[in-house]
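Below is one structure, written out as C-alpha cells, with a few remarks after it.
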Amino acid sequence: MITLKLNGREVRAQEGQTILEVAREHGVRIPTLCYLEGLSPRGSCRLCLVEVRNWGGKLVPACATQVEEGMDVVTHNERINRIRRLVLEMLFVERNHICAFCVSSGHCELQDLAVELGMDHVTLPYRYPGLAMDLSHEDYGIDHNRCVLCGRCVRACSEVEGAFTWGFQGRGIQIQVAPDLGGPWGDSETCTSCGKCVQACPTGALFEKGVGTAAQTKRPEVILEVTERRPRV
Amino acid sequence: MSRIEVLLCAGTACLSSGAREVKAALLEALAEEGLTGEVRIVETGCMGPCELGPIMLVYPEGIYYIRVKPADVREIVREHFLKGRPVRRLLWAGELPESKEIPFFSRQLKVVLANCGRIDPEDIEEYIAVGGYEALSRVLTEMSPEDVIEEIKRSGLRGRGGAGFPTGLKWELVRMAEGSPKYIICNADEGDPGAFMDRAILEGDPHAVLEGMAIAAYAVGAQHGYIYVRAEYPLAVQRLETAISQARRYGLLGEGILETDFSFDVEIRVGAGAFVCGEETALIASIEGRRGEPRPRPPYPARSGPFGKPTLINNVETFANVRHIVVRGADWFSSIGTEKSKGTKVFALAGQVKNTGLVEVPMGITLRELVYDIGGGAPNGKKIKAVQIGGPSGGCLPESLFHLPVDYEALTEHGAIMGSGGIIVLDESACMVNVAKFFLEFTSEESCGKCTPCRVGTKIMLGILERIARGEGTEEDLVRLEELGHMIRDASLCGLGQTAPNPVLSSLRYFRDEFLAHIRDKRCPAGVCPDLIHYVVVPELCRACDRCRQACPTGAAQGTPGNPPYRIELSACINCGACFDACPFGAIERRPGRKER
C-alpha cells in the first residue's frame, strides 16, 4: 500500500494505480478526454493535468502517472483550472466544433467538458481548416473537422480489435488519424468494420452513417466491457 | 617515414567547400614533384573554423592554410614543401603563428574535440596511438562498476544534450534499476538549426563515443547499445560503421572485450530526422519501430526504456567526455568550470561574427569572451546586440548580459538554456520579432502533434507573431503571448513543447521595445519585417544603370537608362528587396516604417 496526499487529504492506494484511479475511488472528479477505461493511457489531451506539489509543482497527466509514496497531489486550483480551460479552448478552435450541426450534439464528451469547465465562449482565434470527410466506408464515416486527436479510435483498433487499421499521419497541426497507410477508409484491407472506433470516439468525428443531427449516441464503455471479459495474460 | 604531414579537414563543411578536390590536386602535385613518399596526407574530422574552409594544417611547422583551392595546391607543394617557404597569401591572417597564438584557438580548451582535426577518424590505430581505449582497459581491469560511477559522479559531469542532468547519478539509477537486459543509448539526433557539435564528434572521433558507451555499459550492467543518428548525417553514419567494425576486429566491442568477461556491442539506428526524436521517449519509440512520439514521464528511461527495459540514454558529447575523466581523473575534470558546471562545452558558433564554426570552451567562460575573443566580433562593424543560445529551446540574451558565464544555472536563470550548444550571434540588423518567429515556426512545424498545448498553442502564438510582424498587432497581444507561452511551457507533454515558447518569452523580456515599435509605430527598427519597411532611391547616388529595374519583379523600380535618378513606385512595390540587392552603388535605401500607399 502507498500513502499519498490528495488535495491535502491523506489517502491510501495500491501500488501501480494511477492518480486518476485513486482520485475516482475517493470521489474526486478530474476531467479527461483522451483517457478511456479499457485502453492504455495516452496522456496527450492534457485536460487531466494535476499538480504534484513535492515535485516542484510539476504538472502530470493523472491518467498516465502512477502514484508514489508521499506524493502530494492537487487536482484543482487556479493554475490548473486556467490551464484546463485554455486546453479546452485550443481543442475547440483547432478544427470545427459548431455543435448545432453535429451528429453527436447532446452526446459529446467535448461538449460536456465545456459545460463542466464553464467554457461558454472562446478567447482564441478559430482555425476552421475545412478538412475533407471520408464517407467511403459502407457503415461509418469520419469527419476530421470534429476530431480532437485523442487517439481513442487508434488504441481501440489496435489494443482491443487487433486490426491496427487506424493510425496517425502527419505531424504538428497537420496530424490526422488515417486508416492503413492513408487513403479511403472504404478501401481498407485491415478494417473489420467492428465499429469499436466509432463507439470509442468522444465526439462526432466518427459516426454511423444514416444518423441525423444530434442523433448519434455512443457507448464508449463497450471497450471496457470487451476487455474485462477477456482472460488476463 | 614521411617528412611532412598534411592534415586535411574532412568535416562536412570543408567537404562542401571542396576538400576532396583539394586532396586530389595535392596527390597529383606531389606525384609530379616526386614527393609522394615524403608527404603523408591525413583526412581528419572538423578543425573548427568552418567559415575558412577548406583547411589544411601542415606539420612539422603547424601551419594553417585556409580557403585552399585546388589551384593553390601546386604553389604550396613547390614553395613550401620543396623550398621551405610557406605561402603567405593562404595563411590565417597572413601570419605564421602557432595555432595556439591564433585567438580563435588560444581561448579554447579542447578536450572532447582534441582528436578532431588531429587524427584520421577512419583508422582505429591512430585513435589508439593517442591514448584511445586506454580508459576502457583501465576500467575493465582496475575498476568496479561502482568505482566508475563514483568517479563520474565526483567529476561533476552533466548531460550535454541540454538539460544538464548529473551523468553519474543517471548511471547509478540505471545500475540500480531492476530488470534485464539493460540498454545504452547514444542520442545523436542533433536537430537544432545550425548546430553540429555531435556531428563533428561522430565524424572526427567516433571511437571516443564508442569507448564512452562501452565504459557506461560496464558501469550500469548493459550489453547492448544503440546509437540513434539522423539520416541527414551520412558521413557520421559511415564513419561510425567503420569505427564499429574496426573496434569489433580489435576485440574492443563484442564478446569478451579485452579478454575479460565483459561483452558489449553497438547497433546504429538511423532516424528520419524528426526534431522530436531527440526527445528521449520519442527516440525510444522510434528505436522500437513505432511512430516517433514522446510519452509522459515518469516512468523515466532509467526504469523503462526500449521494450520496457532499464536504459541509460546520454548525448554524444557526454559519452565523449567519459574517457578523459577516467584517464585524467575526476579531480582534473572538476577543476575546470564553475561551481555546478564542470568541464568544457562544445558550441557551434554562427551568425554575425568573424569566426564561425565549432569551438570548445571551458565552462564559466563569459559570453563576451565567446563572442568577441573567439568569435572575433562582428564582421561588418555593426553592433552586436544579442546571442541566441540553446536553439529552438533556448532564448535570446542581450549584450548587457554578456558578462554571464557559460553555466547551466546562470543561463537558465536569465531565460536561455545551455542547450546542446548552438549559439547564434545577432547584430543590430536582426529583428527580434523575426527571430522569435523563426524559432516558433521551427518548433510548430516539428511538433509531433500529440499533445494539445504544443500542437495548437504554438500555432496560435505563431499567428500572433505574424500579425505583429505585419504591423497589425496590439499591446494586448504581448500579454496573450506571455500567457500562452507560460501555459504551453507548463502543460506540454515533452521537452519540445515545454521549451518552445522560450525564444518568444526571452525576446519579450529583453527586447519588448522592438515588439512595441512594430505595434505602436508600425515600424521594424532593424528593417527586416517586409510589411514594415519601404525602399527609396537616393537621387544623388543613382547612376541610372537600370539594374534595379531589371531585378524588380513587379515593375515598381522605374526609370530610363543613363537618365538618373530612378524611382520606386511604392504602390507597386512588394518590399522584396531585389532592387536593394541589385544596386551596385548603394543608391537604394531600406527605411524602417510602413510605406505610404
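The values are calculated or read from the model by the stated rules, or taken from the named source; none is laboratory data. All values reported here derive from a predicted model rather than from experimental measurement. Here the Cβ positions follow ideal geometry from the backbone for every residue, glycine too, while neighbour counts run over all protein chains shown. Surface accessibility is based on the protein's heavy atoms, side chains included, excluding ligands, DNA and RNA. Shrake-Rupley method; radii C 1.70, N 1.55, O 1.52, S 1.80 Å.
Take the conditions (1) out of contact with any Cys (no Cβ under 8 Å at 6 or more places or on another chain); (2) part of a strand (DSSP E or B); (3) open to solvent by less than 30 Å² (accessible area, probe 1.4 Å); B:Glu267 misses just one of them, which is (3).
When each of A:Cys108, A:Cys102 is tested for being farther than 28 Å from B:Asp477 by Cα, in contact with a Pro (Cβ under 9 Å, 6 or more places away or on another chain) and more than 10 Å from every other protein chain (Cβ to nearest Cβ), the lone residue that passes is A:Cys108.
Kindly establish whether B:Leu52 is under 16 Å from B:Thr356 (Cα atoms) and either in the same structural domain as B:Tyr65 (by TED's automatic domain parsing) or open to solvent by 30 Å² or more (accessible area, probe 1.4 Å) (or both). Yes, satisfied. Restricting attention to the stretch B:478-534, the residues being farther than 20 Å from B:Arg594 by Cα and either touching a residue at least 12 places away in the same chain (Cβ under 8 Å) or within 11 Å of chain A (Cβ to nearest Cβ) (or both) number 33.
When the criteria are applied in full, A:Leu39 fails the requirement of being touching a residue at least 24 places away in the same chain (Cβ under 8 Å), of a type outside the set (Lys, Arg) and within 10 Å of chain B (Cβ to nearest Cβ).
In the set A:Leu59, A:Leu91, which member is in contact (Cβ under 8 Å) with a residue 12 or more places away in the chain, under 15 Å from the mean Cα position of the chain (by Cα) and open to solvent by less than 30 Å² (accessible area, probe 1.4 Å)? Result: A:Leu91 is the single residue among A:Leu59, A:Leu91 that is in contact (Cβ under 8 Å) with a residue 12 or more places away in the chain, under 15 Å from the mean Cα position of the chain (by Cα) and open to solvent by less than 30 Å² (accessible area, probe 1.4 Å).
Within the stretch A:102-121, the set of residues being out of contact with any Ser or Thr (no Cβ under 6 Å at 6 or more places or on another chain) and either open to solvent by 60 Å² or more (accessible area, probe 1.4 Å) or assigned to a helix (DSSP H, G or I) (or both) comprises A:Glu109, A:Gln111, A:Asp112, A:Leu113, A:Ala114, A:Val115, A:Glu116, A:Asp120, A:His121.
Annotation: B:Ser335 fulfils all but one of (1) in contact (Cβ under 8 Å) with a residue 24 or more places away in the chain; (2) more than 21 Å from B:Gly117 (Cα to Cα); the unmet one is (1).
For the stretch B:251-261, name all the residues that are touching a helix residue (DSSP H, G or I) at 6+ places or on another chain (Cβ under 6 Å) and open to solvent by 20 Å² or more (accessible area, probe 1.4 Å). Matches in the stretch B:251-261: B:Leu258, B:Thr260. Restricting the stretch B:472-492 to residues that are touching a Ser or Thr at 6+ places or on another chain (Cβ under 9 Å) and open to solvent by 20 Å² or more (accessible area, probe 1.4 Å) leaves a set whose member that is farthest from B:Ile417 (Cα to Cα) is B:Arg480.
When restricted to residues that are of a type in the set (A, V, I, L, M, F, W, C) and open to solvent by 50 Å² or more (accessible area, probe 1.4 Å), the stretch A:159-202 contains 3. Of the helices (runs of 4 or more DSSP H) lying entirely inside the stretch B:128-229, the ones with 2 or more residues being surrounded by fewer than 17 Cβ atoms within 10 Å (Cβ to Cβ) are found at B:134-142, B:145-155, B:167-176. Residue count for the stretch A:122-158, restricted to those that are part of a loop (DSSP other than H, G, I, E, B), open to solvent by 20 Å² or more (accessible area, probe 1.4 Å) and not β-branched (Val, Ile, Thr): 12. Of all residues in the stretch B:277-301, those that are open to solvent by less than 20 Å² (accessible area, probe 1.4 Å) and away from chain A (no Cβ under 13 Å) total 4. Of all residues in the stretch B:384-410, those being under 22 Å from B:Lys437 (Cβ atoms), in contact (Cβ under 8 Å) with a residue 24 or more places away in the chain and in contact with a strand residue (DSSP E or B) (Cβ under 8 Å, 6 or more places away or on another chain) number 13.
Conditions (1) hydrophobic (A, V, I, L, M, F, W, C); (2) in contact (Cβ under 8 Å) with a residue 40 or more places away in the chain, marked per residue:
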| residue | (1), (2) |
| --- | --- |
| B:Gln108 | no, yes |
| B:Ala129 | yes, no |
| B:Ile149 | yes, yes |
| B:Gly161 | no, yes |
| B:Trp171 | yes, yes |
| B:Ala177 | yes, yes |
| B:Gly191 | no, yes |
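The set of residues in the stretch B:444-453 being outside any loop (DSSP other than H, G, I, E, B) and open to solvent by 10 Å² or more (accessible area, probe 1.4 Å) consists of B:Glu445, B:Glu446. Restricting to the stretch B:423-458, and then to whatever is farther than 26 Å from A:Cys45 by Cα and among the β-branched types (Val, Ile, Thr), can you tell me which residue is nearest to the other protein chains (Cβ to nearest Cβ)? Step by step, filter the stretch B:423-458, then rank; the result is B:Val433. If the condition is being within 17 Å of B:Ser286 (Cβ to Cβ) and open to solvent by less than 20 Å² (accessible area, probe 1.4 Å), then the stretch B:302-311 contributes B:Gly305, B:Pro306, B:Thr311.
When the stretch B:411-445 is filtered for residues that are out of contact with any strand residue (DSSP E or B) (no Cβ under 6 Å at 6 or more places or on another chain) and of a type in the set (A, V, I, L, M), the ones remaining, listed by number, are B:Leu411, B:Ile417, B:Met418, B:Ala430, B:Met432, B:Val433, B:Val435, B:Ala436, B:Leu440.
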